[in-house]
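A short write-up of the structure that comes next.
Throughout, read-outs are computed from the coordinates displayed, never taken from laboratory work. The model shown is predicted, which means the values in this text are computed figures rather than measured ones. Note that we place each Cβ from the backbone using ideal geometry, even for glycine, and neighbour counts take in every protein chain shown.
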Amino acid sequence: MARLQYNSQENMSFVYHRVPANLQGNILYPLNILKTKYSKQYQEHAKKYEGRLQIMKQTIPKLNCLWNDVLHFTAVEPRVIKQALTSSGFNPPKMRYYKIDPEIFQVEKTIVYLHRPDIEKGKEKDISNFADFKADNMEKYSFLPKETIEYYLKKNKQGEKPLLFVYVPHILFQGHIDISHCEVVEV
């Protein structure tokens, strides 16, 4: 099975973040900051970790912070994700993503979580599963791995809702972002 990628030079150099349904204001905050600023929104977003709460307590190498102290982005164009879900038998609702120039990320506050499928269970947060962030490397993270597509197919066969970004590299940024001027992509 081939890796899926949206073939548009325009989209190769951007990263994407899902538009939160209950966003207050124009700032994207990491989950742990939401906890103190907007507790209701925190509670809603924390639900996505039910059944895998241990992730929230894991430290990210080099950034020396917790998983929920960073914002999570993908370089995979949203249409690719939706196409893969549809091809796997799901009927995903409309999805909205902020389209963000990765040049805004401070290198010392950003890292790439490779989410490699060959890493042994329990060792996912090992330093070997991370790469230094370089904005001009986003093209190499813009593919939807075949393992992700296989995971979608398996979840559909099991009648379960999939996590969207399993095996997809995550660009992790330790900070907040003003999204007031970001384009919103709807698929």
Task: Simple label model, 7 Å out from Cα along Cβ direction - Ala46 to Lys161, nm - done: 1.9
TODO: Could you work out the local net charge near Gly175, counting Lys and Arg as +1, Asp and Glu as -1, over the other residues with Cβ closer than 11 Å to its Cβ?
DONE: -2
Open item on the list: Given points 7 Å out from each Cα along the Cα-Cβ axis, report the Asp118 to Gln24 separation in nanometres with one decimal.
Closed with: 4.6
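Taking 25 °C and 0.890 mPa s as the conditions, I'd like the Stokes-Einstein D for the chain in µm²/s, using the Kirkwood hydrodynamic radius from alpha carbon pairs. Can you show the working numbers first?
Values: Rh = 17.1 Å.
Answer, rounded: 144 µm²/s.
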Task: Among Val70, Pro102, Leu163 the positive-end extreme of the charge dipole of the range 49-178 (Cβ point charges) - done: Leu163
- [ ] Extending each Cα 7 Å along its Cβ direction at Lys109 and Lys94, get the distance between those two points in nm, one decimal.
- [x] 3.3
Open item on the list: Going Cα to Cα from Lys94, which aspartates and glutamates come in below 12 Å? Please leave out same-chain ones fewer than 8 positions away.
Closed with: Glu186
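P(r) tail for the range 27-129, what percent of Cα pairs lie past 17 Å?
On the way: 3458 of 5253 pairs.
More than 17 Å apart: 66 percent of the Cα pairs in the range 27-129.
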Open item on the list: Placing unit charges on C-beta atoms (Lys and Arg positive, Asp and Glu negative, everything else neutral), compute the dipole magnitude of the chain about its Cα centre in debye, rounded to 20.
Closed with: 760
